[in-house]
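I have placed the structure first, in the form of structure tokens, so that the comments after it can refer back to it.
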Amino acid sequence: MNVFRTAVILVALASLTAGPALAQTSPPSTQPPPTQQPPPKPTAKPEEPIGYKETVVVSASKTEQQLVNAPATMSVIGPRALEVAPSNNYADLLRSVPGVNITQISARDINITSRSATSSLATSQLAVLDGRTLYQDFFGFVMWDFMPSNTNEIKQIEIIRGPASAVWGANALSGVINVITKTPREMEGTSLLMGAGSFGKQYCGVNPLANGPCVVANKAAKNGALIYGNITHAQVINDKWAYKLSVGTYQSDAFARPTGLIRGNTTGTPYPTYKNTGTSQPKVDLRFDYDGTEGQRWTFSGGHAGTDGIMHSGIGPFDIKPGTTFSYGKINYSKGALRVQAFMNALEGDATNLVAVDTAGVPITLDFNTKTFDLELSNTKVAGRNVITYGGNVRYNQFDLSLATLENQRKEGGIYVQDDILMGERARLVLGARVDKFTSIETPVVSPRVALLLKPNADSTIRLSYNRAFRSPSAINNNLNTVVTNPIPLGLFNPAFGATVFRVPTAAVGNPNLKEERMTAFELGYSATIDNRVTISAAYYYTKWADQIFFTQTGEYGPFSPPPGWPAVLNPAWAALYTGLATGRPVRFPTQFTYLNLGEVNNQGVELGVDASLNSTTSAYVNYSYQRDPDPNFALSELNLAPNNRFSMGMNYSGPRMFGSASVAYAGEAFWQDVLDARYVGTTPAQTTINGSFGAKWSGGRYITTIKVVNLTNRQIMQHVFADVSRRQVMAELRVNLTK
């Protein structure tokens, strides 16, 4: 890691100075004002507003509304939780959300899916930053690398659990995660963040899933390290203009790789060995805000970031090379509820597969150069008892992909409308639908939404809802074209072949005839606030996933049909491999993998959560989620299986001088089959992690020091059967408010 380069950047920018502060002006809300609470008794000690009932979200309908009135199940991670979080890692931040399954497979590779098993390349969860998508259309996944490296820049994180295509369009199949950052006026001043840490030691000579010490007297592997830093300068120039500049970096060594045989696998396959890598993620962002007359606001923003490290896929891990870059530019205009947004995302880089090689023994490479252009409009109008939200977008993608050369562009567009009908003080009916058309899909896709909200009182809601969402096939899904091989040393069967290696070829191809994936969801939910201090949420859901896209084996070499080029004299050896006579276990080699739409999958589950503000400084939460094993109308072995049970609880404290947090999270056993072939199928055991943080504020808050710990007990954690092994992470962090 280039620690010197990081330090130079941070110190050079620390010389920036801040301008005068101006109060924030909030955009007008389309919702009625909240019910007034009675003033506290004169003898009571005044407390800070708790704000649960006042929490305003925009993700559910793309318009402002109170969380309790949202027509979808939502969770919000607010400023207090972000301030005391034990990690800056988005995977760790989101583990406290019920119903959300998360896998961190390498130091940089994070995958998130709501209400369904995630995977080595999660494709169904949309992630957006201030309304700009981070979903990579060419492969159908989210690069979390390009979220802000400094959580102090984040205002709140809104999580929709369940289909959301009715307003968000394609790829919001299982939910949406919308990260909303602070404006320059909300962050006025200059702040510096520096952090460094190390990983717990990984013991060798033992399967890491045993969660135990090394059985033999071996030295532990070398500790890994991480370092991160950020400097942000925000200045209010005058009553019209304000800007924010943020420069940061996150660098991590590689996690340890597992050893031994793959857990829960009957083929006796060992974990593949390859040179693992960490990640380096420099970032710079610049934003200008212009507040015009009559409530008009313009926002101009742009940024540039780099990344490298391991990205996992169905054909094995790719090592994204240094020099891979992501750039964006965005313009926003708003006036009242009217919002117009245009953005451009550009991703360019290359990656080398660490396991799969071609027929010449050369590693498979993926070179990618993609651009996305998007224009979007939304608005809300109030007409009597109707709150009508409407909008749409058009998008244009350019692709230059070495593994999928048959498509170089894709166009899409959609329009939506939603009517929130106020049926009195006790009931609301939400009716909405969106229509999308893709050049890669033959017919338009309709995504309807119906939600009946019954309100026993102003502070509680019973929600009955129906939603349908979809995911479009990616360019790789449609056009992948490569060959991967498995080596067989022929000298093992006949010494006359010496060191000759025969490579059994397997074609990996796309499918241009894929349909869009569709999810239909029925939900019964309840949410309430009690005394403006406690939020209770409960939800039961039933989903039907149709035409889900799987990367699956479609052929196999038989005992009497060896691959082309196999020496005829060794045909008996090939049959012995197939039957298991040669190795004691049958060894099978696929002829082809491709993407297919496979039938229907039914899922159901329950989510329960309680968030409580105990007083003005202390809050606590507890939640539980149950996901039943899915019920497909095809082979269950084609599916990953999420943990049936997940549980988390924690407490946060934020006082005048001290602050901290403590949490525990449990996830049950999971099953994985989504990497390569049946030799790499396996399970991960139930896992429990304990996290915590402790910090102090000095010199009136000018200096803030924090110790953060993830996986306090140093258990060996694998979040996917092919994943790296994560151990305890201890981080020391310093924040300096340079303008105080």
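In the condition set (1) modelled with pLDDT under 95; (2) over 30 Å from residue 554 (Cα atoms); (3) among the aliphatic types (A, V, I, L, M), residue 721 is compliant with all but (2). Of everything in the range 566-603 that is within 30 Å of residue 476 (Cα to Cα) and polar (S, T, N, Q), the residue that is farthest from the chain's Cα centre (by Cα) is 591.
Scan the range 233-249 and report the pairs whose first residue is in a loop (DSSP other than H, G, I, E, B) and whose second residue is among the aliphatic types (A, V, I, L, M) and surrounded by fewer than 22 Cβ atoms within 10 Å (Cβ to Cβ), with Cβ atoms within less than 8 Å and a gap of 6+ or a chain change. Hits for this filter: 239/22. Note on the range 425-456: among residues that are exposed (fewer than 15 other Cβ atoms within 10 Å of the Cβ) and assigned to a loop (DSSP other than H, G, I, E, B), the one that is modelled with the highest pLDDT is 444.
Considering 715, 702, the condition of being surrounded by fewer than 20 Cβ atoms within 10 Å (Cβ to Cβ), among the charged types (D, E, K, R), farther than 22 Å from residue 87 by Cβ and out of contact with any Pro (no Cβ under 7 Å at 6 or more places or on another chain) is satisfied by 702 alone. Screening residue 697 with (1) part of a strand (DSSP E or B); (2) in contact with a helix residue (DSSP H, G or I) (Cβ under 9 Å, 6 or more places away or on another chain); (3) not β-branched (Val, Ile, Thr) gives one miss only, at (2). Where strands (runs of 3 or more DSSP E) fall wholly inside the range 475-533, the ranges with 2 or more residues that are within 30 Å of residue 612 (Cα to Cα) are 517-530. Where strands (runs of 3 or more DSSP E) fall wholly inside the range 91-201, the ranges with 1 or more residues that are aromatic (Phe, Trp, Tyr) and in contact (Cβ under 8 Å) with a residue 60 or more places away in the chain are 189-199.
In the set 536, 530, only one residue is loosely packed, with under 15 Cβ neighbours inside 10 Å and touching a residue at least 60 places away in the same chain (Cβ under 8 Å); that residue is 530. So in the range 635-651, with the set limited to residues that are part of a loop (DSSP other than H, G, I, E, B) and small (Gly, Ala, Ser), which one is farthest from the chain's Cα centre (by Cα)? Looking at the filtered set, the residue picked out is 635. Every test in (1) surrounded by 24 or more Cβ atoms within 10 Å (Cβ to Cβ); (2) touching a Leu at 6+ places or on another chain (Cβ under 8 Å); (3) closer than 22 Å to residue 248 by Cα is passed by residue 157 save one, and that test is (1). Only strands (runs of 3 or more DSSP E) whose full extent lies in the range 303-412 are considered here, and the ones with at least 1 residues that are under 19 Å from residue 127 (Cβ atoms) and among the hydroxyl-bearing types (Ser, Thr, Tyr) are 318-335, 363-383.
Residue-level check: of (1) within 13 Å of residue 556 (Cα to Cα); (2) touching a residue at least 60 places away in the same chain (Cβ under 8 Å); (3) among the hydroxyl-bearing types (Ser, Thr, Tyr), residue 616 misses just (1). Cβ-Cβ distances below 9 Å connect the following pairs, each with a first residue in the range 261-283 that is in contact (Cβ under 8 Å) with a residue 60 or more places away in the chain and more than 18 Å from residue 357 (Cβ to Cβ), a second residue that is of a type in the set (Phe, Trp, Tyr) and in a loop (DSSP other than H, G, I, E, B), and a separation of six or more residues or different chains: 262/271; 262/722; 278/255.
Tallying residues that are in contact with a Phe, Trp or Tyr (Cβ under 9 Å, 6 or more places away or on another chain), surrounded by fewer than 16 Cβ atoms within 10 Å (Cβ to Cβ) and in contact (Cβ under 8 Å) with a residue 40 or more places away in the chain within the range 329-388 yields 1. Count of the range 609-662 residues, restricted to those that are over 19 Å from residue 719 (Cα atoms), in contact with a Leu (Cβ under 8 Å, 6 or more places away or on another chain) and surrounded by fewer than 16 Cβ atoms within 10 Å (Cβ to Cβ), is 1. Exactly one residue among 584, 558 is on the phi > 0 side of the Ramachandran plot and in a loop (DSSP other than H, G, I, E, B), and that residue is 584. Residues in the range 457-510 that are closer than 30 Å to residue 429 by Cα, modelled with pLDDT under 95 and surrounded by fewer than 18 Cβ atoms within 10 Å (Cβ to Cβ) were compared, and the one that is nearest to the chain's Cα centre (by Cα) is 460. Among the residues of the range 663-673, is there at least one that is within 29 Å of residue 309 (Cβ to Cβ), in a loop (DSSP other than H, G, I, E, B), hydrophobic (A, V, I, L, M, F, W, C) and out of contact with any helix residue (DSSP H, G or I) (no Cβ under 9 Å at 6 or more places or on another chain)? The answer is no, given that none of the residues of the range 663-673 is within 29 Å of residue 309 (Cβ to Cβ), in a loop (DSSP other than H, G, I, E, B), hydrophobic (A, V, I, L, M, F, W, C) and out of contact with any helix residue (DSSP H, G or I) (no Cβ under 9 Å at 6 or more places or on another chain).
The values are calculated or read from the model by the stated rules, or taken from the named source; none is laboratory data. Because the structure is predicted, anything quoted here is derived from the model rather than measured. A quick note on method: Cβ atoms are made from the backbone with ideal geometry, for glycine too, and the neighbour counts reach across all protein chains shown.
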